[in-house]
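Have a look at the structure below, then the notes.
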Amino acid sequence: MFSMFGIAFVTPWLLLGLVLLPILWLLLRAVPPAPLRRIFPPVILLLGLKDDDSQSDKTPWWLMLLRIAAVAALIVGFAGPVLNPQPQDGRDAPLLILFDASWASARDWESRIERAEAALDSATQPPRPVAVVLLSDLANGPLQFQAADSWRKRLAGLQPRPWMPDPEKVTRWTRNLDGRFDTLWLSDGLDRPGRRELASALQDAGELRVVESAFPVFGIRPPVLEDGAFVLSAIRPQAANPAEIELEAIGLDPAGNETVLARAPLRFESGDRESETRLSVPAEIRNRITRFSIEGLRSAGAVSLTGDGLKRREIALVSGQSDREGLVLLAPTHYLEQALVPNADLIEGTLGDILLANPDVIVLADVARLSPAESKDIQNWVEKGGLLLRFAGPKLAASDVSRGQEDPLMPVRLRAGGRMIGGAMSWGEPKALRPFAQESPFFGLDIPADVTVSAQVLAEPDPELSRRVIAALADGTPLVTRKRIGQGQVVLFHVTANAEWSTLPLSGLFVQMLERLSVSGASGAPKVDELAGTVWVPTKVLDGFGDLHEARGLAGVPGEVLAAKPLSAALPPGVYQGQDRVVVRNVVEPATELSLADWPAFVTIEGLSTAREKQLKGYFLSAALVFLGLDMLASLWLSGLLLGAAPARQGKAAVVLLLGALALHPDPARAQNDELALEATTQTVLAHVLTGNRQVDETAQAGLRGLSDVLFARTSVEPANPIGVDLEQDELAFFPFLYWPVTPDQPQPSAAAYAKLNRYLRTGGMIMFDTRDADIAGYGPNSPNGRKLQQLAFSLDIPPLEPVPDDHVLTRTFYLLQDFPGRHASREVWVEAAQVDAEQIEGMPFRNLNDNVTPVIIGGNDWAAAWAVTDMGAPMFPVGRGSAGERQREIAYRFGVNLIMYVLTGNYKSDQVHVPALLERLGQ
Amino acid sequence: MNTAAFNRGHAEDLASGLPALLADAEHLAATVLLGVHGRRRAGMGDEFWQHRPSAPGDSARMIDWRRSARSDVQFVQEKEWQAAQSISIWPDASTSMGFSSDPKLPEKLDRARLLALAAAILLIRGGERVALAGTGERPRQGEAQLDRLAAAIALQKDAADYGTPQMSDLPKQSRALLLSDFLGDLGAITSALSSAAERGVKGVLVQILDPQEEGYPFDGRTIFENPGGTLAFETLKAKGLRARYLERLAQRKTALAELARNTGWQFMCHHTDAPVQTALLWIYGALEKRR
C-alpha cells in the first residue's frame, strides 16, 4: 500500500488522474456556460450590438476551482484513501490477545476492546490464528487458536470481571503454555504475583507487546463509621501526581429513587498512595446510603457497598418502670442503653410517638399490658419488618399476659409466677447457659462462665416451643424465645434487662447477642468463625463496571468462604443475605494495596490509543457530490436562472431548494386538532358522537343546535354551535357532554377509543345514550338498537344503573320535571344508581344525594329529534299531535335544559340550602 | 391531417375567445362617457339644431308647423349636421405581437385587439363608420358591423415577423387607429404614414410594449430570438447591452413621435402592465379631437 502523511491508498495508480486536472482546467476555461434562449421580440433592436469585453464568456475562476475540486475529490476518493493504515508487520505466528480483565481494566474497557479489534484487523492480512484469553476468567486446557473473524463477534461480549486474576490459576496456566505465538497483553497496569513469570513465559513463546492505559486507577476502601461520620479512604497504585476525585454516597431518596445523597472531594497529594476524608451526614440520610463510589469512574473497585454495618439503627426504649428515680443502675433500660449507644440511635417516648418515628427496633423492658390499640399498631409495625424485643421482669411475671392464650406480641405462653433459683429461699444454684444450638442466631458465641440466671419467667410447654427457643439454660428452660410475625419478629428475653434476675446484661455476651439479633449493627467485617456453618445467598452482585445487578441463579456461599476467600466467579462481590443479617463483599477491602506493575526490561509497552484504519473513500465521494451540487447552484445563479429570472422559474428553483424543508411542514391533522380544541374550549360546546349514519348525525347536530338555542335564550349557559365528535380521532376531554345516538350499524369503537371514553367518564364527562326506539321497544336488548347499545357499552366503565328516581337531581336542576320525553315519551330513563345508604330524612322531600354526577344517561326517547331545528329555527320533526305535541316538545326542551344544567352544575341543586324554596314551590 | 377540420378547429379555438373579447371590449367601452359628437353646424342629422324663419325656396314639407303655429312667421327646423367619419383600425397581428413576458400579463396582441375592439365599440356607438384596415372591407355603421369587426379581429393573422401598417385602401380624409409595437422597419412605417397623410388620413399611433421589452432585465450568456424564430442574437453578457438597447428603444420612440408630429398624427406608448382604460381614454380623446 502506498502511504503518505498517514494516508494510504488502495489503488494508488488512480491518483495519476490528478495529472489531468490542469488539462481539465484549460478545457473548462475555454467553454463558457451554456447560453439561455429567450424569446424577445425587440431582438431586432439588438442586432449589431457587440459585447463589451471578451473576458466574461469564460467560466469564473472560482467555479472552475469548484469543479476541479469535485473532480479531484472523485479521483482521490476512488483511489481508496485509508487513514492510519495499519503497518503490516509481516508476522504470521499465531497471536494471543491476553486481557487482564480485572476490575481495574473496566475504566477504559471500550478502548481495550477497540485495541483488540485493531489487532484482529491486522491479523487478517496475512491471516493469523488468534486466541483471546481473559486472565481473570481462565479456561482450562490449551489455547484455542481460531480465525480472527470468528473472534471479532465474540469480542464485544467480553466483560471485565469484578475481581483480580487468581495468581494460583495464572501460575498453573503459565506452566501449561507451549508452542510459539506472539502476544498482545492488554494489562490493567497493576502488579500482582505471577506477573513477571507470565511475562517471561510469553516472551519465550514469541514477541510480547504489552498495552497499558494511561488512565489512572482508583479504588475506594470500605468506609468506616467514626464518631458519627464516615471515614472514606481511597487508594491508587501510582503516587506520582497529585489528583483529585469526588466520592459519592448513593442511596434511595424519600421517593425510592436511587440518587446521590452526599459528596465528598478527596485529594491525593503528590506521593500519596492513599488518602482519606471525612463525610458527616445526618442519621436519616446515613441509613439510606447503599454504596459509595468514585464519581465518573466505571469500575467495581470504585464502588464500595455498605452492608448493615454502617447503618445506625433507630431503637426505641420503652420501660414499664419510670417511677424509681435516681437508681440508675437499677433502671430496666440502663444496661441496654450502655450496650446500644455506641452503634444505634436511641429514641425514648411514649409508644404512640415512637411508632410514628418508625424505628427499627422497639425494646419493651418489663412492659406487661399494652392497650388494644397500641397492641394493634405494634403488630402492624412488626409485620412490616420491625423487631420487638421484650424483656421480662416483675411486672410481666405478675401479670396475666400470655397466660392461657398466647399473646400476639409474645413468642410463647408464660407460666404464672416464674421461678427463682439459687436465692436465699430456694434450693438450686443459679443456672448457667447451655451452648447455643446450631439453628440459633447466637450459634458460635462464647458463653462466659460467669453468666448465671437466678430468676426468670417460664414458658408454658407447647408444641411450638422448641422451635421458638433460641437460647436456653443448662437445664433446658428457655431463656430467649423468638416468634416471627410477617416480616418481623418478636423476641423475649425471659430475664430482666438489668442485673436483677441475671448477670447476662453485665457480660459481653449480652452485647454480642444484641448484635446477632441485628439490634445493633455489627462493626467491621464478619469474622470467619462468626460465619462458619452458615449459608449466605447473594442478592445483589457487582459486575466489573461497578453496576449492581440482581443476583439470579447464583448458588449460596458458605459463611467461612464468604468471610475469608478472595473474590472469584463463585464469590462475586455484592450483597449477601443471611438469615438475619446482610453481609457485603467489596472489591477493595480494608487491607487492599495497589501498586504499579513493574515490567521486565525486555517487554515492549505501548499506549492504549488506537489509530484505527479509517476508509476515507466515502468522505471524498460525498465531498465531490457536494461540490457538484454547489456547482449546479452556482451555474444556475450565473446564468441568471436562480435569481432574477421569470417568477415561474424562480418558483421551480425554490421548490427544488426547499424539497428538504418539506418535512418541516406542520402536520395538517395536528393543525386540525388544534382547531377543534380551540373551538371546543373557547366556549361551552355540546357534542354528539358521529355514528357514520348521515341522517342520524344530522339530526343529532340539529337537535343539539336547537337545545343550544333554547339554553341561550332561557339560561345563562350560552353554548356555541355543537360539534360532531369522531371517537377515534378527536379528544373528548373538551366536552362536558356527549350525546350518543345508537344505530345498529355503527362501528364498534377501537380499544384506544374505549380507553379514551373510559377516561372521559372517570374524569367527569357524561354520555347520554339514546336508542331512539322508545316508541317500539322498552329498555333492554329487545331491539336492534338496544342490542347495539349493549355491545357498545360492554367495554365502558359504567356503574350500576337505576331508572331515574323521583327525587333525582335531574328533576329539578332548572325546571321541576317528572317526565323526560323526547320525540317519544317513555318514562324509562336510566342513570347511575344512588348510594344504597342514601336515606330520606323525615320531612325532606329528597334524599340527600350529594355525591356523584351520573356518568351515563340511557334512554330511548329520541331527544335530538324533538330538539332538532332547521337553519331557520323551525322544528324539524313533528312531535305528538297538535298542542299536546307542542307541550311534549316544550317538556323535551325543559329536560334538555335540566340535563345540561345537571352536566354543568352537578348536584348543586341537591344542596340543602334550596330545600325551603323548593318545598314552597312544591306545595303549590 | 384534415386541413379543413384543422382550420375549423383552429377557427373555433380563436372564435371561442371572441365573445370574451367582445365582452371585455364592451365593458371597457362602457367606462368611457360618450360626449357630444355633432358638427356644431346645421346640416343633415337627427338632432335638433335650431329654428330659422323660412326663406323662399324652402319646401312646405320643411316647415315646422307646430313651431310656426305659435307665431306669425313660419319656421323651419334645422338639424345638426352629423356626418359620420370613416375610421380604420389596424391591430398588428404579426408574430412579434404574440409575446408576453409573464403568464399574468396579456400578450401584446391581446391588448391591441382589446383596445381596437373597445375603440370600435365606442366609435360605432358614436355613429361612426368603422372598418378593419387591410381587409378591403368598407367602413360601415351599426351594431352588426361590430360583430363583423369582432370576428375579423379575432381571425386576423399575419405571418410576418414585424407588422407594417396597411394604409393603401384607406378612404381619403378618413381616420386611422394603428396599434402595434412598431418594432419593424421604420422606413416602411414612415412611407405608409406619409402616403396616408398625403391622402388626408389622420390618426393615432399606439405603440404597445411588454414591460420586459421596456426594462431589459437580462444578464448572462443569452440567445435572444424573436417569436417567429427567424432572428437570433447571441450575447455573452446580456447586461452589458442594456444601456445601448434602451437607447435604441428610446430612439425608436422618438422617431415614431417625430413621424407622428410631422404627419399630424398622434403617438402614445402603452405597456401591457398599465391600465387599459387609460389607453382607451387617450385613444378616444385623440380620435375625438381630430374629428
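Every number here is computed from the coordinates shown, using simple stated rules; none is lab data. All of these numbers come straight from a predicted model, not from anything done at the bench. Using ideal geometry, Cβ is built from the backbone for each residue, glycine included, and neighbour counts are taken over all protein chains shown.
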Item checked: FRET efficiency, A:GLN577 to A:PHE602 (Cβ-Cβ, R0 56 Å, nearest 0.05) -> 0.70
Check: Any idea how far the Cα center of segment A:94-172 sits from the one of segment B:152-225, in Å?
Finding: 94 Å
Check: Straight-line reach from A:LYS431: which lysines have Cα under 29 Å away, leaving out those fewer than 8 places along the same chain?
Finding: A:LYS395, A:LYS483
Item checked: Proximal lysines relative to B:LYS239, as straight alpha-carbon distance under 18 Å, when same-chain residues fewer than 8 apart are discounted -> A:LYS50, A:LYS58
Check: For the residues B:HIS270, A:HIS334, what sequence is obtained by ranking on other C-beta atoms within 10 Å, fewest first?
Finding: A:HIS334, B:HIS270
Item checked: Estimated inter-spin distance, A:THR539 and A:ALA239, nm [label 7 Å along Cα→Cβ] -> 4.0 nm
Notebook entry, point to check: Can you tell which of A:GLY307, A:VAL561, A:LEU596 lies farthest toward the positive end of the dipole of chain A, using +1 and -1 charges on the Cβ of basic and acidic side chains (Lys, Arg; Asp, Glu)?
Noted result: A:LEU596
Notebook entry, point to check: Using modelled backbone amide H atoms (1.01 Å from N, in-plane), which distant-in-sequence or interchain residues come within less than 5 Å of A:PHE181's amide H?
Noted result: A:GLY206
Check: On full extension of the chain, what length is gained from A:VAL224 through A:ALA34, given 0.36 nm per residue of separation minus the C-alpha to C-alpha distance?
Finding: 60.0 nm
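Grab the alpha carbons of segment A:672-923, take their convex hull, and tell me the volume per residue in Å³.
Dividing the Cα hull volume of segment A:672-923 by its residues yields 133 Å³.
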Note to self: What's the magnitude of the charge dipole for segment A:528-585 around its Cα centre, counting Lys and Arg as +1 and Asp and Glu as -1 at the beta-carbon? Answer in Debye, nearest 20.
What the structure shows: 100 debye
Check: Which length gain, in nm to one decimal place, applies between A:GLU802 and A:ALA591 when the Cα-Cα distance is subtracted from 0.36 nm times their residue separation?
Finding: 68.2 nm
Notebook entry, point to check: Among the listed pairs B:LYS172/B:LYS253; A:LYS540/A:LYS565; B:LYS108/B:LYS237, which are separated by more than 21 Å between their Cα atoms?
Noted result: B:LYS172/B:LYS253; B:LYS108/B:LYS237
Next item on the list: Round to the nearest 0.05 the FRET efficiency obtained for A:GLN695 and A:LEU918 when R0 = 56 Å and r is the Cβ-Cβ distance.
Entry: 0.85
Next item on the list: Per residue of B:100-106, count partner chain C-beta atoms within 10 Å of its C-beta, then hand back the mean as an integer.
Entry: 2
Margin query: Suppose the chain between A:PHE877 and A:GLN159 were pulled fully straight at 0.36 nm per residue; how much longer would it get relative to their current alpha carbon spacing?
Written below: 250.6 nm
Note to self: Given points 7 Å out from each Cα along the Cα-Cβ axis, report the B:ARG67 to A:GLU560 separation in nanometres with one decimal.
What the structure shows: 15.6 nm
Notebook entry, point to check: For B:GLU137 and B:LEU246, what does the FRET efficiency come to when R0 = 45 Å and r is the distance between their Cβ atoms, rounded to the nearest 0.05?
Noted result: 0.70
Check: Taking neighbour Cβ counts within 10 Å as the exposure measure, how do A:TRP173, A:TRP62 sort from fewest upward?
Finding: A:TRP62, A:TRP173
Notebook entry, point to check: Summing -39500 (n - 2.57) over the DSSP H runs of n ≥ 4 in chain A and dividing by its residue number, what mean residue ellipticity at 222 nm do you reach, to the nearest 500 deg cm²/dmol?
Noted result: -8500 deg cm²/dmol
Checklist line | Under 16 Å from the Cα of B:LYS202 - aspartates and glutamates, other chains or at least 8 residues apart | finding: B:GLU128, B:ASP169, B:GLU258, B:GLU288
Item checked: Among beta bridges that DSSP assigns inside segment A:672-923, antiparallel share in %, nearest 5 -> 30 percent
Notebook entry, point to check: Label points 7 Å out from Cα along the Cβ direction at A:LYS617 and B:SER191: separation in nm?
Noted result: 7.5 nm
Next item on the list: Output the relative contact order of chain A, whole-number percent, from Cα pairs under 8 angstrom with separation of 6+ residues.
Entry: 10 percent
Next item on the list: Name the shape class, rounded, prolate or oblate, that the alpha-carbon gyration tensor gives for segment A:313-516, where a ≥ b ≥ c are the square roots of its eigenvalues, rounded holds for a/c under 1.5, and otherwise prolate holds if a/b is larger than b/c and oblate otherwise.
Entry: rounded
Notebook entry, point to check: Using the count of nearby Cβ atoms within 10 Å as a rough guide to exposure, how do A:ILE113, A:ILE7 rank from fewest to most?
Noted result: A:ILE7, A:ILE113
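Nearest 5 percent is fine: what portion of the DSSP beta bridges confined to chain A is antiparallel?
Details: 74 of 125 bridges.
For chain A, the DSSP antiparallel bridge percentage is about 60.
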